[in-house]
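The values are calculated or read from the model by the stated rules, or taken from the named source; none is laboratory data. Keep in mind the model is a prediction, meaning the values are calculated, not measured. Neighbour counts are summed over all protein chains in view; Cβ atoms, including those assigned to glycine, are modelled from backbone coordinates with ideal geometry.
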Amino acid sequence: MTENNNLKNESAKKKNREEAEKDEEEKKHKIESLTKAGNIAQEVKTFIKPQLKVGANIFDLIEKTETKIIDLGGKWAFPINVSINNIAAHYTSPIKDDELTIKDRDIVKIDLGVHIEGYIVDTAFTVSFNDDKALENIIQATEVALEAAKMMAKPKINTKELGKKIEDIVKGFKYNPIKELGGHQIERWTVHGKKQLPELGTQGGDIMEEGEVFAIEIFASTGKGSVHSTNASYIYELNPFIGRVPLRRKLSKQILGYINKNYKTLPFAERWLAKDFRMGVIFGLQELVNTNKVKAHYVLAEEKGEFVAQSEETILVIEDGYKQLT
């Protein structure tokens, strides 16, 4: 009996060692993948920033940025967002070039994501071509708030505290944070994870834990600090909570299979699909949206005439604080 117990104990110890080694290997792989994705994101920002000029075509800028991510060995975590002036988020070029260009007096936000095997980083910056006195500190407001929030990040802190600091700083610059937008946890294959990092101190928060990844994302607006959905949508995402649904169109079924294989639960652009499904992409996507199998991300905007700036970096929460990844 004693011999049997010893064998069981040895077996249990071996199993525990193997599980610990596996966990350690997975943790190492996660950090290596995130670091690689972060390095690519930083290089892409350095590459594209000088190309933001008055007269630059947005479709071309987006194509160059997405190509650069692939050339550097990364993959797209979501379509490149280029949001101008009162547009706050979710604009990417449609299937055909809509001839949108950067104009004098524009404020341009670039939001990009990179993933390595589903390990994601998310980062954004703003460039202003507007010398209006009322806008001279709008970018600085987002950058200062981001830096302050980042320095607070550590295990066991409630993200609500970071939200209060963000709100205080942005309002201190005489702008408004946007209540519907903000930072978020990033999980594997999921850009917006379960935990939120709010823009306002009055919004609910979540507890940061060691090993978690967060995008600290700051918006500053000359408006009321609230966005609405427009009628435009060029970005879509698989709805993982919907099971099998009957689809009438053969093309819809083909597109769904392609999404599952290539993008999983990550957002994608309709123009990406158009490169492989030249005919009927819009109709196929519409059926998938109508059946709730795919959800549309509508372009989000402040009121016309207002301006929005954005800054964002991704961090890894570590034992004594944070490690910046982008």
> Are any of the residues in the stretch 270-285 within 22 Å of F59 (Cα to Cα), in the same structural domain as I255 (by TED's automatic domain parsing) and in contact with a strand residue (DSSP E or B) (Cβ under 6 Å, 6 or more places away or on another chain)?
Replying inline: yes
>> Just to be sure I understand, how many residues within the stretch 250-271 are of a type in the set (D, E, K, R), closer than 24 Å to L112 by Cα and free of Cβ contacts under 8 Å to residues at least 60 places away in the same chain?
In response: 1
> Are any of the residues in the stretch 25-32 closer than 23 Å to I218 by Cα and not basic (K, R)?
Replying inline: no
> Do we have K109 as surrounded by fewer than 17 Cβ atoms within 10 Å (Cβ to Cβ), basic (K, R) and assigned by TED's automatic domain parsing to the domain that holds L61 here?
Replying inline: no
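What residue, among those in the stretch 270-326 that are of a type in the set (G, A, S) and more than 25 Å from I216 (Cβ to Cβ), is surrounded by the fewest Cβ atoms within 10 Å (Cβ to Cβ)?
Checking each candidate, the answer is G305.
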> If you check T159, T101, which single one turns out to be surrounded by fewer than 24 Cβ atoms within 10 Å (Cβ to Cβ) and free of Cβ contacts under 8 Å to residues at least 60 places away in the same chain?
Replying inline: T101
> Out of (1) surrounded by 16 or more Cβ atoms within 10 Å (Cβ to Cβ); (2) free of Cβ contacts under 8 Å to residues at least 40 places away in the same chain; (3) out of contact with any strand residue (DSSP E or B) (no Cβ under 8 Å at 6 or more places or on another chain), the odd one out for T67 is which?
Replying inline: (1)
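Determine whether T123 is under 27 Å from F59 (Cα atoms), in contact (Cβ under 8 Å) with a residue 40 or more places away in the chain and either charged (D, E, K, R) or in the same structural domain as I207 (by TED's automatic domain parsing) (or both).
Yes, satisfied.
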> So how many residues does the stretch 162-214 have that are in contact (Cβ under 8 Å) with a residue 60 or more places away in the chain and on the phi > 0 side of the Ramachandran plot?
Replying inline: 2
> Hey, which of the strands (runs of 3 or more DSSP E) in the stretch 77-177, taking only ones fully inside, have at least 1 residues that are more than 20 Å from the chain's Cα centre (by Cα)?
Replying inline: 119-128
>> Let me confirm something: among S252, S226, S233, which residue is in contact with a strand residue (DSSP E or B) (Cβ under 7 Å, 6 or more places away or on another chain) and small (G, A, S)?
In response: S233
> Going through the stretch 235-288 one residue at a time, which ones are touching a helix residue (DSSP H, G or I) at 6+ places or on another chain (Cβ under 6 Å) and among the basic types (K, R)?
Replying inline: R249
>> For the list (1) modelled with pLDDT of 95 or more; (2) assigned by TED's automatic domain parsing to the domain that holds T92, I need the number of the one condition that G201 fails.
In response: (1)
> Out of (1) in contact (Cβ under 8 Å) with a residue 60 or more places away in the chain; (2) out of contact with any Phe, Trp or Tyr (no Cβ under 8 Å at 6 or more places or on another chain), what's the single condition that is false for Y234?
Replying inline: (2)
> Out of all the residues in the stretch 51-93, which are under 17 Å from F125 (Cα atoms) and among the hydroxyl-bearing types (S, T, Y)?
Replying inline: T65, S83, Y91, T92
> Just wondering, is there one or more residues in the stretch 272-289 that are without any contact (Cβ under 8 Å) to a residue 12 or more places away in the chain, more than 26 Å from T67 (Cα to Cα) and within 22 Å of the chain's Cα centre (by Cα)?
Replying inline: no
